[in-house]
Amino acid sequence: MLKVLVTGATGFVGSHIAETLLEEKYKVVCLVRQTSNLKWIKDLPLEYLCGSLDDEKFLSTLVKGFDIIVHCAGVVRATSKKEYFNVNVENTKKLCGAILENNLTLKKFILISSQAAQGPSNLNSLRTVTDKENPVSDYGRSKLAAEIEIKCMLSDKVPYTIFRPAAVYGPRDKDIFIFFNLVNKHLRPVTVKKRLLQLVYVKDIASAVAKAIESRQANNNTYYLANSTQYTWSDIGVVISNSVGVKTIPIIVPDFVFSLVGFVSKFLSYLTKKPLVLNEQKIDEMLCDNWSCDTKPIENDLEMSFTSLEVASKITYNWYLEKGFF
């Protein structure tokens, strides 16, 4: 039985990865902090190791004895570029350094990166992983820098696989929850300008990780994770509402509203010293015309199929309903 270390397992994506790996009969150990909220994994039959990724002495002991490391820990929102890079880049660099010094027999290192690392695509094209990167946010730039560190440090020493999920949704999510919450209120947002994006169901990310563990084809490769269907904001609202049987009416949201929200968020974040879900840079990402990517490589290499929005949105909506989110 392979022994897998999962970082970031207390978060939205990481908790689903840990859950799926247990279902696949791996021995799963999760790195947690003393302050971590364990609510999503506390009932799972796994082990915990308490420590911090910025503690190099701790890392030198942590990485020993594992067959696989899935690195999902990081920040998706922060109050400064420095914080993004300290957590997403420097901690990744320290983790890789510890592996090279203490566990060169590691079978695979898997990074959960982001579509934001490459940046948006042109309106009429799909992004491929070989395109020139153009991240438009500090978050995206930090994820790209983490990818570069992994490639530089681990190449020819330890096999790695990098995943770039598109916009992630599913049970436990708090970001794309806004679409589900609006549908529950019989509303759906529509942008004045046509904007396209792809989505990925969180369980599909977990499935991709499980497949990559056993796949030599995935070694030293980078993949986008997304359902190939492109949606406008209105499309997403329509699909969700039809899937759950809730009638909705369109609410047109002009671009200046997004800009205003970004400005207010920046001001509130400055006052509270805490990052907000819709910060200024997240708004900039949302206002890009096209977030579309080529998913054929992972569909071919890992025989990966992605859950339709129709199916997964119903599962997700009912989960929110059951847990009292509405």
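Values in this text are rule-based calculations from the coordinates and carry no lab data. If you're wondering where the values come from, they're calculated on a predicted model, not measured in any experiment. Every residue, glycine among them, receives a Cβ derived from its backbone with ideal geometry; neighbour counts consider all protein chains shown.
Calculate for the chain the 222 nm mean residue ellipticity that helices alone would give, adding -39,500 (n - 2.57) per DSSP H run of length 4 or more and normalising by residue count, nearest 500 deg cm²/dmol.
-12000 deg cm²/dmol
Quick one: among ASN290, ASN220, ASN300, which has the greatest mean-square fluctuation in a GNM of the chain with alpha-carbon springs under 10 angstrom?
Highest fluctuation among the options: ASN300.
Let me know the whole percent of all Cα-Cα pairs from region 173-214 that are separated by more than 12 Å.
Taking all Cα-Cα pairs of region 173-214, the fraction more than 12 Å apart is 73 percent.
With the contact rule set at Cα under 8 Å and sequence spacing of 6 or more, what percent relative contact order holds for the chain?
Once normalised by length, the contact order is 18 percent.
Given Cα pairs under 8 Å that are at least 6 residues apart, what percent is the relative contact order of region 9-111? Don't skip to the answer; put the middle values down first.
Working: 119 pairs, mean separation 27.7, N = 103.
Computed value for region 9-111: 27 percent relative contact order.
Can you give me the Cα centroid spacing of region 285-315 and region 133-198 in angstrom?
Spelled out, the Cα-based centre of one part sits 11 Å from the other.
So for each of 3-13, 100-110 I average, over its residues, the number of other beta carbons within 10 Å; can you give me the resulting order with the highest mean first?
Taking the mean over residues of other Cβ atoms within 10 Å, the ranking is 3-13, 100-110.
Starting from the Kirkwood radius over alpha-carbon pairs of region 55-203, derive D by Stokes-Einstein at 4 °C in a medium of 1.567 mPa s and give it in µm² s⁻¹.
Using the Kirkwood radius from Cα pairs, D works out to 75 µm²/s.
If you average the alpha carbon positions of region 207-249 and of region 1-16, how far apart do those two centres end up, in angstrom?
Each part reduced to its Cα centre gives a spacing of 20 Å.
Treating the beta-carbon of each Lys and Arg as +1 and of each Asp and Glu as -1, no other charges, what is the dipole magnitude of region 286-326 about its Cα centre, to the nearest 20 debye?
280 debye
Considering the alpha-carbon set of region 1-120 alone, what are its Rg and its Dmax in angstrom?
14.0, 41
Suppose every K and R has +1 on its Cβ and every D and E has -1 on its Cβ; what is the size of the dipole of the chain about the Cα centre, in Debye to the nearest 20?
Working: 40 positive and 34 negative charges, 116 e Å.
Dipole magnitude for the chain comes out near 560 debye.
Just the number, please: percent antiparallel of the DSSP beta bridges in region 118-250, rounded to the nearest 5.
Among the beta bridges of region 118-250, antiparallel pairing accounts for roughly 10 percent.
Over the alpha carbons of region 81-169, what is the largest minus smallest coordinate on each principal axis, giving the biggest first in Å?
Result for region 81-169: principal-axis Cα extents of 46, 27, 26 Å.
Would you mind listing how long the chain runs along its three principal axes, going by Cα atoms, in whole Å with the largest first?
Extents along the principal axes: 57, 39, 38 Å.
By counting other Cβ atoms within 10 Å of each Cβ, how are PHE179, PHE325 ranked from fewest to most?
Ordered by Cβ neighbours within 10 Å, fewest first: PHE325, PHE179.
For the chain, set up a Gaussian network in which alpha carbons nearer than 10 Å are linked by springs, and say which option among ILE213, ILE17, ILE176 fluctuates the most.
ILE176
Using just the Cα positions, wrap region 113-271 in a convex hull and report its mean projected area in square nanometres, one decimal place.
Averaging across all directions leaves 11.6 nm² for the Cα convex hull.
Which order results if CYS72, CYS288, CYS152 are arranged by neighbouring Cβ count within 10 Å, fewest first?
CYS152, CYS288, CYS72
Cβ under 12 Å from VAL253's Cβ, VAL253 left aside: what net charge do those residues give with Lys, Arg +1 and Asp, Glu -1?
Net charge in that neighbourhood comes out at +2.
Let me know the charge dipole size of region 117-233 about its Cα centre in debye, to the nearest 20, where only the beta-carbon of Lys, Arg (+1) and Asp, Glu (-1) is charged.
Details: 17 positive and 10 negative charges, 85 e Å.
Here the size comes out at about 400 debye.
With the chain treated as a Gaussian network of Cα nodes joined by springs under 10 Å, which of PRO297, PRO254, PRO135 yields the largest mean-square fluctuation?
PRO254
Reachable aspartates and glutamates from LYS64, Cα under 16 Å, same-chain residues fewer than 8 places away excluded?
Straight-distance partners of LYS64: GLU47, ASP55, GLU56, GLU101.
If you take every DSSP beta bridge whose two residues both sit in the chain, what share of them, in percent to the nearest 5, is antiparallel?
Values: 1 of 38 bridges.
Rounded to the nearest five, the antiparallel share is 5 percent.
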